[in-house]
1. Could you count how many residues in the range 79-102 are within 16 Å of the ligand (Cβ to nearest atom) and part of a loop (DSSP other than H, G, I, E, B)?
2. Condition check: at pLDDT 95 or above, of a type in the set (D, E, K, R) and assigned to a strand (DSSP E or B). Does Arg119 satisfy that?
3. Those residues that are part of a strand (DSSP E or B) and among the polar types (S, T, N, Q), I need them from the range 201-235; list them, please.
4. Look through Leu171, Leu94 and report the one residue that is in contact with a Phe, Trp or Tyr (Cβ under 6 Å, 6 or more places away or on another chain) and under 17 Å from Leu413 (Cα atoms).
5. With the structure loaded, tell me whether Ala460 is within 20 Å of Thr210 (Cβ to Cβ), out of contact with any Lys or Arg (no Cβ under 8 Å at 6 or more places or on another chain) and in a helix (DSSP H, G or I) or whether it fails that test.
6. Please determine whether any residue of the range 104-127 is surrounded by fewer than 19 Cβ atoms within 10 Å (Cβ to Cβ) and of a type in the set (S, T, N, Q).
7. Identify all residues within the range 198-231 that are more than 30 Å from Thr332 (Cβ to Cβ) and either among the basic types (Lys, Arg) or surrounded by fewer than 18 Cβ atoms within 10 Å (Cβ to Cβ) (or both); write none if there are none.
8. Determine whether Pro114 is assigned by TED's automatic domain parsing to the domain that holds Leu446 and free of Cβ contacts under 8 Å to residues at least 12 places away in the same chain.
Amino acid sequence: MRAALVIATLLSTSLLAQTPAQPDWAKVDEETLKHFLAIVKMDTTDPPGGEKPVVDYIKQILEAEGIAVQTFALEPHRPNLVARIKGSGKQRPLLLMGHSDTVNVDPKKWIHPPFGGVRDGGYIYGRGTVDDKDNVIANVMTMLMLKRTGVKLDRDVILLIEAGEEGTSRLGIQFMANQHFAEIDAEFCYAEGGGVTRQNGEAKYARVQTVEKIPRAITVTSKGVAGHGSVPLESNALAHLGEAVGAIAAWTPPMRINETTAAYFKRLATVSTPEEAARYRALLNPDPKISGPADAYLRKNEPSHWSMLRTSLSPTMITGGYRTNVIPSEGTANIDTRLAPDEDPAKFLELVKQVVNDPQVEVSYGARDTRPPTPTAKLDSEAFKAIESNITKHYKSITLPTMSTGATDMAFLRQKGMQCYGIGPALDIEDGPKGFGAHSDQERILESELYRFVRFTWDAVVDVARAK
Ligand SMILES: [Zn+2]
């Protein structure tokens, strides 16, 4: 107890220093590698989910350095971990988030075993290396360094390692946000969902996720008269369904540009070829004669950018009929719908009905595990500025505020008013098509980029949290 007091006194003396003490980076790299490999080797695929080994491991590292850890679990083998480094309380906390589960693997397809943590040619291979054990370890290392250096803080820094991000968020972020929010409540949050894009080995731009689309499902149901297949009927439910699905897929929903996407295309233009730049700028022109051709080009050639401009609709499932000689009375289709953040869902559904324009076909929102509509994180906040200035410092690249077309756990926190920013390490743009990306059969990260991401995270945290 006395020893603890002496240490505490020594620490509080060092806290008075103006510039925060810098960690011993060579040692940090070594430790980063050790902890990263340890958790990559743990199979936490979801389903079935079993994040406890990762949580136990991190708990032991943090507690060994005197950082108190709490765990919260709806199911005992799927816990969430929370730890906190206290600040003066002058400002509200900063939350660091990473998920411990991963998607599944098909082990036969992996050249290096998915849970081998194999190092080869400067890379570390394994499921979770870029989704999301990279963010987990960068955050854990930051907590350790905050404790060791004793940087004086104006805000608490909270670590949340959440379970179940890959499809069972009721055990993870939803459980924490709904039942233990006081433990993670913060002004700002850093989580996965962004990252730096390298081309030819150079950082080209960094995406920081500030908002995401809202996932919904639209169900299209077509009803007609049942009959013998030998007698074609104009009311054939499947024929009407086919036309409805075709019309939905061919439709271009109205463009909706928000603060994030406007900044994204404007800034992207500054690091693009002249033709690309002209197109990205044209998109922002209110005259549809100018924006239209650029929009049409994206639809064909840059579908993820096209999706960022509007609510999107993708037919993903069609069911109907049970034998060749029976005209069925019903058929249904599921349309994966990603609403633009400012879309009015009811009005949008009316537009889809007009596109289908068939009294035999019903269009409605179906049930799915949805994420809530969320406000956009601010682009002029202290947290965004800290991220941007450290992207410049560590990657010498431009920052693009980004809207994800997919959904993340941040939605549940943004809904409660938290300003959340998605960040991530640098990945090669060439890696995706070669099959090395997140969720791929050869997920990998450059070891040097893991270390750079830890340095970046550290600076982006200290700049926001330290005493000013
Ligand atoms: Zn993830």
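The values are calculated or read from the model by the stated rules, or taken from the named source; none is laboratory data. Owing to the predicted nature of the structure, the values given are computational and were not obtained by experimental measurement. FYI the Cβ positions are ideal-geometry reconstructions off the backbone, even for glycines, and counts take in every protein chain you see.
1. The number of residues fulfilling the criteria is 2.
2. Yes, satisfied.
3. Scanning the range 201-235 gives Gln209, Thr210, Thr219, Thr221, Ser222.
4. Leu94
5. Yes; evaluated as a whole, the condition is true for this residue.
6. yes
7. Selection gives Arg198, Gln199, Asn200, Gly201, Glu202, Lys204, Arg207.
8. In short, no.
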